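Written out below as structure tokens is the structure these notes cover.
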Amino acid sequence: MKRIFLIALLCVVATTKAQETGLFHNEEQFTRQDTLRGSITPERAWWDLNYYHLDVAVEPSKKYISGKNTIRYKVLSSAQTLQVDLQPPLKIEKVTQNDKELTFTSEGNAHFIHLKEKQNKGDYNEVVVYYSGHPKEAIRAPWDGGFSWKKDKNGNDFVATSCQGLGASVWWPNKDHMYDEVDSMKISVTVPKNLMDVSNGRLIGVDEHEKTKTFHWFVSNPINNYGVNVNIGDYVHFGEKYEGEKGTLDMDYYVLKDNLDKAKEQFKQAPKMMEAFEHWFGPYPFYEDSFKLVEVPYLGMEHQSSVTYGNKYQDGYLGRDLSGTGWGLKFDFIIIHESGHEWFANNITYKDIADMWIHESFTAYSENLFLDYFYGKEASAAYVIGTRKAIQNDIPIIGKYNVNNEGSGDMYYKGANMLHTLRQLVEDDEKWRSILRGLGEKFYHQTVTTQQIEGYLSKETGIDLTAFFNQYLRTVMIPKLEYSINNNTLKFRYTDIVEDFDMPIQVFINQKEQWIYPNKDWKEVNADTPIKEFKVDEDFYILNQEI
Ligand SMILES: [Zn+2]
């Protein structure tokens, strides 16, 4: 999710937002807080996350939360200071290890816990972090993040968390860096008795108290921090069994009571999504934890195994077609896009948010593969090409490393068009599909760098894609084909390219399609008859100009 919002709005608004958040690289000033948040500090590097038990009580009437997180970790190398992140105004009340209270020092969002017991390599130890307070309220979730405190039509509290980018430490204490995913997690959420909490994974128990209920959820697979969520509302449940590539998958849906009928109709797209994405990307990566759609009071987010939904039960992106071709109204954007993230974001996760294209480019690309599966290749191509109008080429897609910095919002549709272009270069759809499915297998449940993904794609396609990725991910230049025609001869070359960029493209010469092999130097091809018509195949994301 995340920056789609910018694309959907006017340029002016996007620019203002980018300036506010310091997205323009030449204006960026990074702080020590950015480094503490965005890098693998020495106080993070020596321990490996194994298990969390987040146990939190949510009081909507006071917009207040309190609880604790038990953090189990494996000691990789001996050290005595452990960094945990929690953002004000939330406060750490105390930290314990083996029931003994520990001291800690705080520096903004980072808290350094001073361990008393010797940390021996290979040991599994636990710290328990107690915390409470009024968490940051999300005003425009999911674009800002925090807690959304809303009411449903019947006046019931309708509450949800979202925190991509600013980090899960906005509502619970954790190791708030993406490189280290916890291996499994229990989430216990106490809510007013008339309401229900839906979190990630499977519901393993409900405790009844006098005025409250505690819902216990368990995630048996690795999960990234921002994927963890709490959704509280007057929910009703329906579900189905899906016979998928890895057996029977539980698909469960939690929606507000009043929306049950609409949801039963709209969510028919969920098994269709599963069918298309298992075909293109391989088995759903979290069979053990089930798949869920959960209604929330904001647009949506890729929370792992509990994808959140707020697209108001209509097709398109809040009823709009982002491609302008009509194809974007053939599916519910949030069901398709956010669920696509189960493969790219939740299964394969970036180590550093600078490489967020790994999440968003593949997932934006998944929108047209959904269309491809049900409506064919032409529909799919029309859609992805249609989304080019949203590309801004403001800053590179890859952001700055180690300071929690995202690159351009072009990670969506420029990234999708880059992958669509790559599909043309492979020129074999079955091979392309097996390459995409191979990604899910090779990087199953891992956090990765862009180098790993780029290297894999070069190897599996058999094409050296170094310059290709440098061009599209690391510059704002779109390759331009300059050409001239003289009788039977076409002269051409690329400009606005990085060194060694020499991507072949398909062109139509007198309506006949053929490959040409441009690079920075002028080249020519000769046709049998005078060239009357010349066109670049639109499937390739380049510009062209007759000179
Ligand atoms: Zn997304």
Task: Selection count, segment 189-226, where residues are small (Gly, Ala, Ser) and surrounded by fewer than 17 Cβ atoms within 10 Å (Cβ to Cβ) - done: 2
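Yes or no, residue by residue, for (1) among the basic types (Lys, Arg); (2) more than 21 Å from residue 345 (Cα to Cα):
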position: 238; (1), (2): no, yes
position: 251; (1), (2): no, no
position: 254; (1), (2): no, yes
position: 257; (1), (2): yes, yes
position: 261; (1), (2): no, yes
position: 278; (1), (2): no, no
position: 283; (1), (2): no, no
Task: Matching residues, segment 314-337, being out of contact with any helix residue (DSSP H, G or I) (no Cβ under 8 Å at 6 or more places or on another chain) and either among the hydroxyl-bearing types (Ser, Thr, Tyr) or within 12 Å of the ligand (Cβ to nearest atom) (or both) - done: 334
Open item on the list: Can you pull out every residue in segment 117-133 that is surrounded by 13 or more Cβ atoms within 10 Å (Cβ to Cβ) and over 20 Å from residue 182 (Cβ atoms)?
Closed with: 132, 133
Task: Extreme residue, nearest to residue 67 (Cα to Cα), among residues of segment 133-151 that are in a strand (DSSP E or B) and among the aromatic types (Phe, Trp, Tyr) - done: 147
Task: Number of positions in segment 462-502 that are more than 23 Å from residue 355 (Cα to Cα) and open to solvent by less than 10 Å² (accessible area, probe 1.4 Å) - done: 4
- [ ] Return a yes/no flag: does segment 137-153 have any residue that is on the phi > 0 side of the Ramachandran plot and either free of Cβ contacts under 8 Å to residues at least 60 places away in the same chain or touching a strand residue (DSSP E or B) at 6+ places or on another chain (Cβ under 6 Å) (or both).
- [x] yes
TODO: Would you point out the residue of segment 152-166, among those that are of a type in the set (Gly, Ala, Ser) and not in a loop (DSSP other than H, G, I, E, B), that is farthest from residue 295 (Cα to Cα)?
DONE: 162
- [ ] Consider residue 66 carefully, then state whether it is more than 23 Å from the chain's Cα centre (by Cα), open to solvent by 60 Å² or more (accessible area, probe 1.4 Å) and at pLDDT 50 or above.
- [x] no
- [ ] Specify the residue that is nearest to residue 412 (Cα to Cα); the eligible residues are those in segment 503-547 that are β-branched (Val, Ile, Thr) and loosely packed, with under 14 Cβ neighbours inside 10 Å.
- [x] 547
Open item on the list: Exactly one condition in (1) surrounded by fewer than 18 Cβ atoms within 10 Å (Cβ to Cβ); (2) among the small types (Gly, Ala, Ser); (3) under 26 Å from the mean Cα position of the chain (by Cα) is false for residue 141; which is it?
Closed with: (1)
Open item on the list: Here is a list: 352, 332. Which entry is open to solvent by 10 Å² or more (accessible area, probe 1.4 Å) and not aliphatic (A, V, I, L, M)?
Closed with: 352
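Please return the ranges of strands (runs of 3 or more DSSP E) entirely within segment 23-132 where 2 or more residues are without any contact (Cβ under 8 Å) to a residue 12 or more places away in the chain.
Where strands (runs of 3 or more DSSP E) fall fully within segment 23-132 and carry at least 2 residues being without any contact (Cβ under 8 Å) to a residue 12 or more places away in the chain, they are 100-107.
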Task: Some residue of segment 162-169 being of a type in the set (Ser, Thr, Tyr) and within 17 Å of residue 65 (Cβ to Cβ) - done: yes
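The values are calculated or read from the model by the stated rules, or taken from the named source; none is laboratory data. Everything numeric in this text was worked out from a predicted model, so none of it was measured. Because the Cβ atoms are built from the backbone with ideal geometry, glycine has one as well, and the counts that use them run over all protein chains shown. Side chains included, ligands, DNA and RNA excluded: accessible areas come from the protein's heavy atoms. Shrake-Rupley method; radii C 1.70, N 1.55, O 1.52, S 1.80 Å.
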